[in-house]
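A.B. asks: Take this structure first; my questions come after.
The values are calculated or read from the model by the stated rules, or taken from the named source; none is laboratory data. All values reported here derive from a predicted model rather than from experimental measurement. Glycine gets a Cβ as well: all are built from the backbone with ideal geometry, and neighbour counts include every protein chain shown.
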Amino acid sequence: VEHYLQRIDAESHLNAFIEVYKDEVRNLAPVINAKILNGTAGRLAGMVIGIKDLICYKDHGVSAGSRMLENYVSIFSATVVERLLDEDAIIIGRLNCDEFAMGGSNENSYFGHVKNFADNTKVSGGSSGGSAVAVQAGLCMAALGTDTGGSVRQPASFCGIIGLKPTYGRVSRHGIVAYASSFDQVGPLTKSVEDAALIMEIIAGHDDFDSTSSTFPVPKYSQELSFEGKKRIAYLPETLLSEGLDPEVKLLTETMIKRLQDEGHSVEPISFPYLDYVVPTYYILTTAESSSNLARYDGVHYGFRSPNAADLESTYKKSRSEGFGAEVKRRIMLGTFVLSAGHYASFYGKAQKVRRLIREKTEEILRDHDFILLPTSPGPAFGLGEKTDDPVVMYLADIFTVQASLAGIPAISLPVKNNSKGLPLGLQLIGKRFGEAELLSFSKYVM
Ligand code: GLN
């Protein structure tokens, strides 16, 4: 605990933490030590974990990176937090993120951007940027993030660590500030596959507080990491031809394909004709869901209330205008538009149908293959401020992560190599529904 507190102080310029629970963890550490000595400690005893500031922790602030919730204190803990604490994890603080998890660079946080530890002029990735940098820089051992369309995997790839997005429904969403409810999942960011497996084993499983959480049994992921045999892997040729793909990322993917083939696995190109549609479909559906989810921030029930409001209508208008940042407002407007009476059928309704096509095609590929291999992101971490002027450019960078999100299936980003400038590059494996155990054991083999 002292080691991590010192590291956090030394690297405070990275802006990874929004709050550090210094006194609290100093008091907790001896209690856990005593449990370790008398043999009653849980499976995470000694693990120092940071949580994305989107995950509720009783009697602790949770801001979702927003002015709207700047002073909000949670009255209950998310199920994932309870499960970590039950196993004696030490939660050291809450981590910076894009406002309401909307973003891919952590530049949309009310609390400022996060710097990449590999190069302080580059973004951390997002939206779980604080979570990724905290692990990358050794400010905690592991972190929890949330992934709606890549927010665990993409910052993991920008920071050279592992990030897993579980199958939709594998991990309870109870106590997670909602962005797009049919996509959101909590996932671990870690330096080793073992840590990811252990955390998953503890946070996964049914929860009475989340009706979309699955009753499918949770394997002992951490004990199923040995891998034998040969796998069938698909890669999508369209991904390697996609515009804007960094040549070094392309080469890295091709090198991995060759390596796995040389090691006796079958790795074959399978066409995925919907690649051009994944980003538009994702943004229509997630903005629609978020416009509905964020309607609760009305300046009346909880969160920020404008001091300049005079009556009910100006309370709504001013509280939302002053409490939300630009990207959140953009998405609320887009989402409200695609759900509006005149446009529902041509946007929201159609996107639902395209989502089904994407899911079915992806599942069809995974009937004959164990995994799909693709880059996590088209390029390495980009410069701070480089993409902030153009939201469409920012959205298009999600092209490789949103497929698994639309299909609701698990995907992991693995740190494979640094590019010629020393920036981490990641590759992604998509697995079968509830195939986290296979995904993790193969990841361990690949690494
Ligand atoms: N970059 C994507 C978005 O802005 C993903 C965010 C996420 O997964 N929370 O929606």
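A.B. asks: Counting only residues that are more than 15 Å from the chain's Cα centre (by Cα) and buried (at least 23 other Cβ atoms within 10 Å of the Cβ), which one in the stretch 405-426 is nearest to the ligand (Cβ to nearest atom)? Walk me through how you get there before you give the answer.
C.D. replies: Let us first name the residues in the stretch 405-426 that are more than 15 Å from the chain's Cα centre (by Cα), namely 407, 415-425.
Right, trim to buried (at least 23 other Cβ atoms within 10 Å of the Cβ) and you get 407, 424-425.
On the way: 407: 14, 424: 18, 425: 18 Å.
Applying the filter and picking the extreme gives 407.
A.B. asks: May I ask you to list the residues in the stretch 1-55 that are of a type in the set (Val, Ile, Thr) and farther than 9 Å from residue 93 by Cβ?
C.D. replies: Going residue by residue through the stretch 1-55, those that are of a type in the set (Val, Ile, Thr) are 1, 8, 18, 20, 25, 31-32, 36, 40, 48-49, 51, 55.
Result: 1, 31, 32, 36, 40, 48, 49, 55.
A.B. asks: Okay, next question. Where residues in the stretch 100-112 are over 30 Å from residue 2 (Cα atoms) and more than 8 Å from the ligand (Cβ to nearest atom), which of them is nearest to the chain's Cα centre (by Cα)?
C.D. replies: 100
A.B. asks: Right, another one. Would you check which residues across the stretch 3-51 are β-branched (Val, Ile, Thr) and in contact (Cβ under 8 Å) with a residue 40 or more places away in the chain and list them?
C.D. replies: Once the filter is applied, which keeps residues that are β-branched (Val, Ile, Thr) and in contact (Cβ under 8 Å) with a residue 40 or more places away in the chain, the stretch 3-51 yields 8, 18, 20, 25, 32, 48, 49, 51.
A.B. asks: Output yes when any residue across the stretch 396-404 is within 22 Å of residue 201 (Cα to Cα) and surrounded by fewer than 23 Cβ atoms within 10 Å (Cβ to Cβ), and no when none is. Walk me through it before giving the result.
C.D. replies: Pass one, the stretch 396-404, residues within 22 Å of residue 201 (Cα to Cα): 404.
Imposing the further condition that a residue be surrounded by fewer than 23 Cβ atoms within 10 Å (Cβ to Cβ) reduces the set to none.
No - not one qualifying residue is present in the stretch 396-404.
A.B. asks: While we're looking at this one, here's another question. Just to check your reading of the model, which residue among 287, 336 is in contact with a helix residue (DSSP H, G or I) (Cβ under 7 Å, 6 or more places away or on another chain), crowded, with 20+ Cβ neighbours inside 10 Å, of a type outside the set (Lys, Arg) and assigned to a helix (DSSP H, G or I)?
C.D. replies: On the way: 336 fails: crowded, with 20+ Cβ neighbours inside 10 Å.
None of the others qualify; the one that does is 287.
A.B. asks: Any residue in the stretch 135-143 that is within 16 Å of the ligand (Cβ to nearest atom) and either crowded, with 24+ Cβ neighbours inside 10 Å or under 29 Å from residue 374 (Cα atoms) (or both)? Can you show your working first?
C.D. replies: Our first condition is that a residue be within 16 Å of the ligand (Cβ to nearest atom); within the stretch 135-143, this holds for 143.
The next check asks that each one be either crowded, with 24+ Cβ neighbours inside 10 Å or under 29 Å from residue 374 (Cα atoms) (or both); those that pass are 143.
Yes, that holds for at least one residue.
A.B. asks: Let me ask something additional. What do you reckon, is residue 402 of a type outside the set (Lys, Arg), within 16 Å of the ligand (Cβ to nearest atom) and under 15 Å from the mean Cα position of the chain (by Cα)?
C.D. replies: Details: of a type outside the set (Lys, Arg): yes; within 16 Å of the ligand (Cβ to nearest atom): yes; under 15 Å from the mean Cα position of the chain (by Cα): yes.
Spelling it out, residue 402 is indeed of a type outside the set (Lys, Arg), within 16 Å of the ligand (Cβ to nearest atom) and under 15 Å from the mean Cα position of the chain (by Cα).
A.B. asks: For the structure I just gave you, tell me whether residue 434 is more than 16 Å from the ligand (Cβ to nearest atom), part of a loop (DSSP other than H, G, I, E, B) and hydrophobic (A, V, I, L, M, F, W, C). I'd like the intermediate steps shown before the answer.
C.D. replies: Numbers: more than 16 Å from the ligand (Cβ to nearest atom): yes; part of a loop (DSSP other than H, G, I, E, B): yes; hydrophobic (A, V, I, L, M, F, W, C): yes.
For residue 434, the condition - more than 16 Å from the ligand (Cβ to nearest atom), part of a loop (DSSP other than H, G, I, E, B) and hydrophobic (A, V, I, L, M, F, W, C) - is met.
A.B. asks: Another question, if that's okay. Report, by residue number, each residue of the stretch 306-333 that is polar (S, T, N, Q), outside any helix (DSSP H, G or I) and under 30 Å from residue 105 (Cα atoms). Step through it out loud before you land on a result.
C.D. replies: Residues of the stretch 306-333 polar (S, T, N, Q): 306, 308, 314-315, 319, 321.
If we keep only those that are outside any helix (DSSP H, G or I) too, we end up with 306, 308.
Of everything in the stretch 306-333, just one residue is polar (S, T, N, Q), outside any helix (DSSP H, G or I) and under 30 Å from residue 105 (Cα atoms), namely 306.
A.B. asks: Can you tell me which condition residue 86 does not meet? The list is (1) surrounded by 18 or more Cβ atoms within 10 Å (Cβ to Cβ); (2) closer than 16 Å to residue 203 by Cα, and all the others hold.
C.D. replies: So the condition that residue 86 fails would be (1).
A.B. asks: While we're here: Can you tell me which residues in the stretch 263-321 are more than 26 Å from the chain's Cα centre (by Cα) and within 23 Å of residue 365 (Cα to Cα)?
C.D. replies: Within the stretch 263-321, the subset more than 26 Å from the chain's Cα centre (by Cα) is 263-271, 298-301, 305-319, 321.
Once the filter is applied, which keeps residues that are more than 26 Å from the chain's Cα centre (by Cα) and within 23 Å of residue 365 (Cα to Cα), the stretch 263-321 yields 263, 264, 265, 266, 267, 268, 269, 270, 271.
A.B. asks: Quick one: is residue 86 away from the ligand (no atom under 16 Å from the Cβ) and of a type in the set (D, E, K, R)? Give the derivation first.
C.D. replies: Values: away from the ligand (no atom under 16 Å from the Cβ): yes; of a type in the set (D, E, K, R): yes.
For residue 86, the condition - away from the ligand (no atom under 16 Å from the Cβ) and of a type in the set (D, E, K, R) - is met.
For (1) within 19 Å of the chain's Cα centre (by Cα); (2) surrounded by 19 or more Cβ atoms within 10 Å (Cβ to Cβ); (3) at pLDDT 95 or above; (4) of a type outside the set (Phe, Trp, Tyr), each residue gets a yes or a no:
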| position | (1), (2), (3), (4) |
| --- | --- |
| 16 | yes, yes, yes, yes |
| 20 | no, yes, yes, yes |
| 23 | no, no, yes, yes |
| 36 | no, no, yes, yes |
| 46 | no, no, no, yes |
| 53 | yes, yes, yes, yes |
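A.B. asks: So, of the residues in the stretch 210-239 that are of a type outside the set (S, T, N, Q) and under 21 Å from the mean Cα position of the chain (by Cα), which turns out to be surrounded by the most Cβ atoms within 10 Å (Cβ to Cβ)?
C.D. replies: Per the criteria, the residue is 221.
A.B. asks: Then there is this: Please report, ordered by residue number, the helices (runs of 4 or more DSSP H) entirely within the stretch 87-205 with at least 2 residues that are among the charged types (D, E, K, R).
C.D. replies: Result: 193-203.
A.B. asks: Oh, and also: Taking residue 63 as meeting all but one of (1) more than 13 Å from the ligand (Cβ to nearest atom); (2) surrounded by 24 or more Cβ atoms within 10 Å (Cβ to Cβ); (3) in contact (Cβ under 8 Å) with a residue 60 or more places away in the chain; (4) over 27 Å from residue 440 (Cα atoms), write down the number of the exception.
C.D. replies: (3)
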